[in-house]
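Below: one structure, written as structure tokens.
Rule-based calculations on the coordinates, nothing more; no lab input. Keep in mind it's a predicted model, so treat the numbers as computed, not measured. For neighbour counting, all protein chains shown are included, and Cβ atoms are generated from backbone atoms with ideal geometry for every residue, glycine included.
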């Protein structure tokens, strides 16, 4: 199971990211359920944080909040003479709040005489009270510049409006009346959005319909009375607003307007109110007109109405991303987490990028809020991203531990346990144990013929399985003959004799030759089995060379290989490539040929100058071991004729060589080497080469 997980890394990582992404999306769909709402309330809290720390609606200098505060309710200790000369103070001291409504008529006269633009009363004058006639007269005088409050009672489903002695019915349709209700979020009772208009059906909890009676909010009426009805949104949707700063629209004590000392000192004899929009309302705690918002502390209701009007005038409305966009952002977060973990293979870097990406997204969210008023979905997006990324990293860590154990077990199949333990447990000591040294060694390269073309059409899993089966048998052939597996180079095998422990140059060469013959033998068995299973066979080429090499740990501190390098290694690789040219499976360098000739049958092939060499070398093909009873004895006899022809060819006796090659081909008509040399003999008979010809074949490519 663990091996399958390791092999299908991308699929498993995708499954992890898809799981957490889907989980977040499902929680979004079920956000209204009680046990889920708490999860998504985190997004609300983050949005509240943005409103606290982000951009505010600019404070308007022409908005004033006259507050009925505790000082106004109690009044300072005025002298009887001061009260006797001041009609407003007489009314305030005559009885507790609510006072006679004559005081509001006095206030209107005083403010409008000073040049006030609009006066708004965040007070519901519903039951009749003394002073109504005077107040009614003032409301009529200033009908285009005043606004009174109405209030929707959720318990009785009725709209409480100013009494008919002040505003004739239907009061709610009068331009001077607007509802003052705010509708908080049912989860945490915080007001985030403000409806400028509502319909009867909306008040009943139903969607708006055609022909519904429309009610205007207190702020909307104020904007209309200011002559800015164009700032009122034309639909019936609640608008999230960008709140003003906490210190905006601080209440001015109402009584100070009637106190001559303050009127002169603080209000410059009324000049302060010129062109001002004045909201009169409660600011004392005992009057309980406070609204909870994302900003702390709770706003006084009149202050919040001013903030609503300021936001509408500045078009400082906030927008949330739509549900499809929310889903897209969450899905994109999961996809990004997958890409990051799947393709960044260094855990430390991946973790850094994971958190850096999160911070970058937070930066985008902040800029989007400040500059565009768009609230990008944040908490669910980062939840999907971080959970997907962190759990994927956890999987990667577990797989890395598993891979280390598997590597140890795999190496122990091919290398002694002591060497594996030294490499894995004490890499520093192992690195220092192999210093650079020049040594004689025998190098073998084997490669699959045409493997690249096989990969283009073959089933990847089946091909990898076949390749692993092949490499296992080839590696076993190396180890059984005392060789060291240097490396796999894709489908190629590089093996060395003499770099770890040498049996002598000749014996190392013979061991390499036996390994090559074992590879040929094992491949024949594999091909027979694959053919029976309907699997395409492999053909291989093997090159063996002997010579001095530079041995040591080659690489970096992070990764180093105990390997050999040098001209002799390069020649072995070139010999393997030349097996395609000469249609033989095992080619030998000159020193290997001399070392093994007594115990192995070899066949002359050519004198070649490979790429990177300035001098030509003699190469031979390995036929088999002399003690192998399974060899074709007839072939060995006929090879004498081939060798005779080969010698005559070198001596420019092309006619004699032609006869020898023709005689050999009578028995082995498909032999590529004999055919090749026969063709050259015919060519050179017709057009002999110049005197400088030395039968060397020069190869410009590897």
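By the beta-carbon count within 10 Å of each Cβ, the least crowded to most crowded order of 623, 544, fewest first, is 623, 544. One chain, two ends: residue 234 and residue 158. Fully extended at 0.36 nm per residue, the span grows by 24.9 nm beyond their Cα-Cα distance.
Determine the gain in length on full extension of the stretch residue 126-residue 437; use 0.36 nm per residue of separation and subtract their C-alpha separation, reporting nm with one decimal.
Between residue 126 and residue 437, full extension yields an extra 101.4 nm.
Specify the angular offset, from 0 to 90 degrees and rounded to the nearest 10, of the alpha carbon long axis of helix 567-582 from the longest principal axis of the alpha carbons in the chain. Roughly 80 degrees between the two axes. What FRET efficiency, computed as 1/(1 + (r/R0)^6) with R0 = 30 Å and r the Cβ-Cβ distance, is obtained for residue 322 and residue 61, rounded to the nearest 0.05? Efficiency for this residue pair is about 0.25.
Fewest-first ordering of 392, 577 by other beta carbons within 10 Å of each residue's beta carbon gives 577, 392.
Is the C-alpha gyration tensor of the range 434-631 telling us rounded, prolate or oblate? Criteria: a/c under 1.5 is rounded; beyond that, a/b larger than b/c is prolate, otherwise oblate. Oblate. Counting only DSSP beta bridges with both residues in the range 565-702, the antiparallel share comes to about 75 percent.
Test of understanding: what is the full-extension gain from residue 636 to residue 200, defined as 0.36 nm times their sequence separation minus their Cα-Cα distance?
Computed gain between residue 636 and residue 200 is 146.1 nm.
Of the labelled figures (1) 146, 55, 50; (2) 80, 58, 54; (3) 83, 69, 54, only one reflects Cα extents along the principal axes in Å as derived from the coordinates, namely (1).
For the peptides 661-672, 167-178, residues were scored by their other Cβ atoms within 10 Å and the scores averaged per peptide; the highest-first order is 167-178, 661-672.
Measuring r between the beta carbons of residue 246 and residue 286 and using R0 = 25 Å, the FRET efficiency lands at 0.70.
Between residue 628 and residue 45, the distance separating the two model label sites (each 7 Å from Cα on the Cα→Cβ line) works out to 7.7 nm.
Could you state the angle between the C-alpha long axis of helix 379-414 and the longest principal axis of the C-alpha atoms of the chain, as a value from 0 to 90 degrees rounded to the nearest 10? Roughly 20 degrees between the two axes. How many angstrom lie between the Cα centre of the range 211-243 and the Cα centre of the range 477-552? About 87 Å separates the Cα centre of the range 211-243 from the one of the range 477-552. Expressed to the nearest 5 percent, the antiparallel share of DSSP beta bridges inside the range 106-192 is 35 percent.
Please check which bits of the range 446-473 a label hung off residue 522 would reach, taking the label as a point 7 Å along Cα-to-C-beta and the cut-off as backbone N under 19 Å. Under 19 Å, as judged by backbone N against the label point of residue 522, lie 446-449, 451, 463-473 of the range 446-473. Helix 633-650 and the long axis of the chain differ in direction by around 90°, with both axes built from C-alpha atoms. In the chain, the DSSP beta bridges split such that about 65 percent are antiparallel, to the nearest 5. Cα centroid distance between the range 320-354 and the range 109-141, in Å? With the range 320-354 and the range 109-141 each reduced to a Cα centre, they are spaced 60 Å. Sorting 491, 269 by the number of Cβ atoms found within 10 Å of their own Cβ, with the fewest placed first, yields 269, 491. With R₀ set to 22 Å, the beta-carbon distance separating residue 18 from residue 398 gives a calculated FRET efficiency near 0.75.
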